[in-house]
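Novice: Have a look at this one before I ask anything.
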Amino acid sequence: MTFAVRGVLVSLGFFGVLYCLLSLLVATLWRGAKLAPRMSAASYTRVLFWLRISPLLGSALVTLAFAMPAFFRLEPGTIDEDGGTLTFGICALLLLAAGLFRVVTTRAKTRRVVAGWMKDANVLEANVSVPTFQARAGIPPILLFGISEPAVLVSEATVSLLNEDELRVSIRHEVEHVRSRDNLKKLMIHCCPFPGMAALDRAWQEAAELAADEAAVANRGDAVDLAAALIKLSDLVPVYLPPAFTTGLVNAPVSVSLRVERLLAWDETRTGSRVRWWYALPFALVMLSYTVVDYGQALSLTHRLTEWFVH
């Protein structure tokens, strides 16, 4: 086994162990702690999203910035890795492959379903920045699909059922999902498979819908129109689970009654507090400064941790 291959396997093993530990920590904290969403729905959504992908980002950052450089700088040229190194490295590769396979297969399935819905679809003039199409009956009422080229798909039944104002604010709701890049965020979450994360995933999806509701509403009239649209469309079809990498106006993970209640209680003076990310800036600068000044010591500590992880 060459030195470079050993370095890659050790780094992958470190990544896999750290990813599992961080994921277990996040899942445990989410089950044990109740995050009171006193902040705005948009801020709450961002907190949940970054919490959900933090194990992947954190483990990748530490591995690339510390574990891999530590191995190539401090590891002797002699081969002293045992079978555990190979096992951890292969397991980490399988973990990454599982995430990639999940994304590829799920996206392919989503494309097939949407392609069937798009047959004979016509352009719908909605006066929004996102392409909007009207499709035949039998599809979900209103659906946002696509990541790099998002578009909104509206069923014929929805166009017939909703009045002009209700349809306008419903489509605006989907446009807000585009602005938040929620379908891209769904793809990123799919890259982070780990048991016990389903509850956090559902919480993020519900928060994302509430945030899109808030962003789509500009006045009390809009709030009433969107609430009316939700009620009509939930009666039109059973609440459904939309395909992955799409976002529907009415979907299973989110309580329609909760959204209607919040919309009917809409008040332009009632806004949740925002997350002040800059509060963490001094701490981040101190940690970055310490790492830059004493990078060698940080690498030495990481190397000892790596040896403990994989042996």
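Read-outs throughout are calculated quantities, based only on the coordinates presented, and are distinct from any laboratory measurement. All values derive from a computational prediction rather than experimental measurement. Note: ideal-geometry Cβ built from the backbone for every residue, glycine included; neighbour counts use all protein chains shown.
Novice: How far is it, in nm, from the label point at residue 4 to the one at residue 51 when both lie 7 Å from their Cα along the line to the Cβ?
Specialist: Distance between label points: 4.3 nm.
Novice: Within 10 Å of each residue's Cβ, count the other Cβ atoms and sort 72, 15 from fewest upward.
Specialist: 72, 15
Novice: Right, here's the next one. Once the Cα atoms of the stretch 93-208 are picked out, what are the Rg and Dmax in Å?
Specialist: When restricted to the Cα atoms of the stretch 93-208, Rg and Dmax are 15.9, 52 Å.
Novice: While we're here: To make sure I understand, if each residue's beta carbon is the centre and we count other beta carbons within 10 Å, what order do 267, 235, 225 fall in, fewest to most?
Specialist: 267, 235, 225
Novice: For each of 185, 232, count neighbouring Cβ atoms within 10 Å of the residue's Cβ, then give the residues from fewest to most.
Specialist: Going from least to most buried by this count: 232, 185.
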